[in-house]
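Notes for the one structure printed next.
The values are calculated or read from the model by the stated rules, or taken from the named source; none is laboratory data. Note that this is a predicted model, so its numbers are computed, not measured. Backbone-built Cβ (ideal geometry, glycine too); neighbour counts: all protein chains shown.
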Number of protein chains: 2
Amino acid sequence: MPRTAETASFQFNHTMIRVKDPKVSIPFYTDIIGMDLLSEKNMGDFTLYFLAFDHDGSYASMTQEQKDKARFSREGVLELTHNHGTESDANFQGYSSGNSDPGRGFGHIAVTVDDVEKACERFEKLGVAFKKKPSDGKMRHIAFILDPDGYWIEIVPRVMQL
Amino acid sequence: MPRTAETASFQFNHTMIRVKDPKVSIPFYTDIIGMDLLSEKNMGDFTLYFLAFDHDGSYASMTQEQKDKARFSREGVLELTHNHGTESDANFQGYSSGNSDPGRGFGHIAVTVDDVEKACERFEKLGVAFKKKPSDGKMRHIAFILDPDGYWIEIVPRVMQL
C-alpha cells in the first residue's frame with residue numbers, strides 16, 4: 001500500500017547524470033545496455049536525453065509526442081545531460097563518478113540481469129571496461145562495469161542469494 | 001521491444017547514493033517521499049538500505065526474506081549506503097550533491113507526482129528544503145527539493161507539457 005494518500009501517485013521516475021559526449025554515451029546505453037532512447041530535448045546550452053528499457057514493446061507503436069509525454073509516467077528512466085561543447089573541449093576535466101573525494105556522494109546505477117556471468121561475457125566481447133568482474137574479490141555474484149564517463153554500473157542478478 | 005535478445009531481461013533496478021545518517025534519511029524517504037523500506041543489510045563497516053514505492057501493495061503481505069529477494073526484480077529502487085560513523089563524526093565534510101565542482105557528475109533523482117503544486121505545498125508544511133520552488137525561475141511546472149544530505153530531487157508532473 002502507498003504509505004499515505006498524498007504520496008500514492010508518486011513514482012521514482014528518473015536518475016540524471018551528466019555525460020561528456022552523447023555520440024559515445026547514447027550508443028553505450030542503447031546498443032550495449034539495451035535501453036531505448038525515448039526522448040531528447042535541446043534546451044539551448046544543453047540537451048537532455050531520456051532512456052529506458054522498453055520491456056513491453058509499447059514504445060514501438062508510439063509517436064514521438066506520445067513518447068515525450070510517456071517518459072514521466074514510469075520508473076527506471078535514465079536522463080543524460082549533455083552540456084554542449086564538452087565533447088570537443090580539450091580542457092574539459094571529465095565528470096566525477098561520485099566514488100572518490102572530492103565529490104563522493106552518488107555511487108552507481110544498477111542493472112538487473114537474469115545471468116550475470118553471461119551478461120558480463122557479452123560486455124567483455126563488446127569491449128566494455130570493468131571496475132569489478134564477477135571473478136574479482138569476494139562478491140562473485142555481482143559485477144561493476146564503467147560507462148563512457150566512468151560512472152559505475154552494478155550488474156546484479158534478479159534473484160540474489162545473500 | 002527489447003533491443004536485443006541478450007538484454008531482454010535487463011531492468012534499470014536501482015540508484016545508489018551515500019547518506020550521512022540513516023536515522024534522518026530513512027524517515028525522509030519514507031514519511032515525506034512515501035517510499036517503503038524494503039530491505040536493509042549490514043555489511044560490517046556499512047549498511048545498505050533499499051527503498052521503493054509499494055504501488056500495488058504487494059510488500060504488505062511479504063515476509064522479510066521475500067522482500068530481500070524482490071528488491072532486484074523491479075525498477076525504481078533507491079539504495080542508501082551508510083558508512084558507519086559519519087552520523088557522529090564532527091570532521092565529516094558531508095557528501096557532494098554532484099552539482100558543483102569539484103565533484104560534478106550526478107545531477108538528481110526525480111519523483112513523478114500527479115500535482116506538483118499540491119505536492120510542494122505538503123513538502124513545505126513538512127519543512128522540506130527547496131532548491132527551486134515551482135514559482136521560482138522560468139520552469140513553473142517543476143520543482144527541486146533537497147534531501148537531508150543535499151541531494152537534489154526533481155518533482156515532475158506525470159504529464160509534462162514541453
Subset of region A:135-162 [modelled with pLDDT under 95 and either in contact with an Asp or Glu (Cβ under 7 Å, 6 or more places away or on another chain) or on the phi > 0 side of the Ramachandran plot (or both)]: A:G137, A:R158, A:L162
Qualifying residue in region A:103-121 (condition: over 23 Å from A:F12 (Cα atoms), surrounded by fewer than 19 Cβ atoms within 10 Å (Cβ to Cβ), among the charged types (D, E, K, R) and touching a helix residue (DSSP H, G or I) at 6+ places or on another chain (Cβ under 6 Å)): no
Residue among A:F46, A:F28 that alone is hydrophobic (A, V, I, L, M, F, W, C), surrounded by 14 or more Cβ atoms within 10 Å (Cβ to Cβ) and either touching a His at 6+ places or on another chain (Cβ under 9 Å) or at positive phi (or both): A:F46
Per-region count, region A:40-55, residues more than 9 Å from chain B (Cβ to nearest Cβ) and either closer than 24 Å to B:R74 by Cα or in a loop (DSSP other than H, G, I, E, B) (or both): 5
Every residue from region B:1-40 that is in contact (Cβ under 8 Å) with a residue 12 or more places away in the chain and within 30 Å of A:K118 (Cα to Cα): B:Q11, B:F12, B:N13, B:H14, B:T15, B:M16, B:I17, B:R18, B:L38, B:S39
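For (1) among the acidic types (D, E); (2) in contact with a Gly (Cβ under 7 Å, 6 or more places away or on another chain); (3) in contact (Cβ under 8 Å) with a residue 24 or more places away in the chain, each residue gets a yes or a no:
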residue	(1), (2), (3)
B:Y95	no, yes, yes
B:D101	yes, no, no
B:G105	no, yes, no
B:R122	no, no, no
B:V128	no, no, yes
B:K131	no, no, no
B:D136	yes, no, no
Qualifying residues in region A:143-152 (those that are within 10 Å of chain B (Cβ to nearest Cβ) and surrounded by fewer than 21 Cβ atoms within 10 Å (Cβ to Cβ)) - the one nearest to A:P22 (Cα to Cα): A:D149
Region A:64-102: number of residues that are more than 21 Å from B:Q93 (Cβ to Cβ), surrounded by fewer than 16 Cβ atoms within 10 Å (Cβ to Cβ) and facing another protein chain (nearest Cβ under 7 Å): 1
